Amino acid sequence: MKKQKLIIFLMLMFFGSYAFSQTITKTIKFEMPEIVALDDGYSSILYKDAKNFGNEGSPEIPHFSLSTLLPQACEITNVKILSQAFYQGLDGISIQPAARQFPLSMMPDEDDYTVIPNDAIYSSNQPFPANPIENISTHFLAGHPI
């Protein structure tokens, strides 16, 4: 009898929490980026409202940050990309490798520092980055989850 009550209680807890979970759908559309061909044979991809970042030697790819006001007492737990489309004519470009960041007081001369592309990434046939979603987190602003 106690086992049955425990199982029923656990099932109610599980389904109760599931019933109060919410799904927020956000649609983001990106316009065609500006592709800038550089003198060294690489290209730079520029999106409006996105910043280009990367670890030294990795491709300097655009990063887009999204902030959404969440309902009270909610946290974000998962993000999914439901669909994506690729632009025609962008095959075969090589994205500029990211340079190391230096403090302004220690900026090297252009002749003293050369970015060395990460050969494991640039010679691979695998997509980069392997996971296009980074840093899923909930923060709070004036008590509201964002």
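The values are calculated or read from the model by the stated rules, or taken from the named source; none is laboratory data. As the structure is a computational prediction, the values presented were derived from the model and not from experiment. In this analysis, Cβ positions are derived from the backbone assuming ideal geometry, glycine residues included, and neighbour counts consider all displayed protein chains.
Filter region 58-93 down to the residues that are under 20 Å from Ser44 (Cα atoms) and among the polar types (S, T, N, Q), then identify the one that is farthest from the chain's Cα centre (by Cα).
Filtering first and then ranking leaves Gln88.
Would you pick out the residues in region 109-130 that are in a loop (DSSP other than H, G, I, E, B) and surrounded by fewer than 11 Cβ atoms within 10 Å (Cβ to Cβ)?
Asp109, Glu110, Asp111, Asp112, Thr114, Ile116, Ser123, Ser124, Asn125, Gln126, Pro127, Ala130
Residue by residue through region 47-77, note down the ones that are in contact (Cβ under 8 Å) with a residue 60 or more places away in the chain, of a type in the set (A, V, I, L, M) and either within 12 Å of Ile28 (Cβ to Cβ) or surrounded by 15 or more Cβ atoms within 10 Å (Cβ to Cβ) (or both).
Those that are in contact (Cβ under 8 Å) with a residue 60 or more places away in the chain, of a type in the set (A, V, I, L, M) and either within 12 Å of Ile28 (Cβ to Cβ) or surrounded by 15 or more Cβ atoms within 10 Å (Cβ to Cβ) (or both): Ile61, Leu70.
Looking at Ser105 and the list (1) over 22 Å from Glu31 (Cβ atoms); (2) exposed (fewer than 10 other Cβ atoms within 10 Å of the Cβ); (3) of a type in the set (Ser, Thr, Tyr); (4) in contact (Cβ under 8 Å) with a residue 24 or more places away in the chain, which single condition is not satisfied?
(4)
Quick one: in region 50-101, of everything that is of a type in the set (Asp, Glu) and at pLDDT below 85, which residue is nearest to Ala120 (Cα to Cα)?
Asp91
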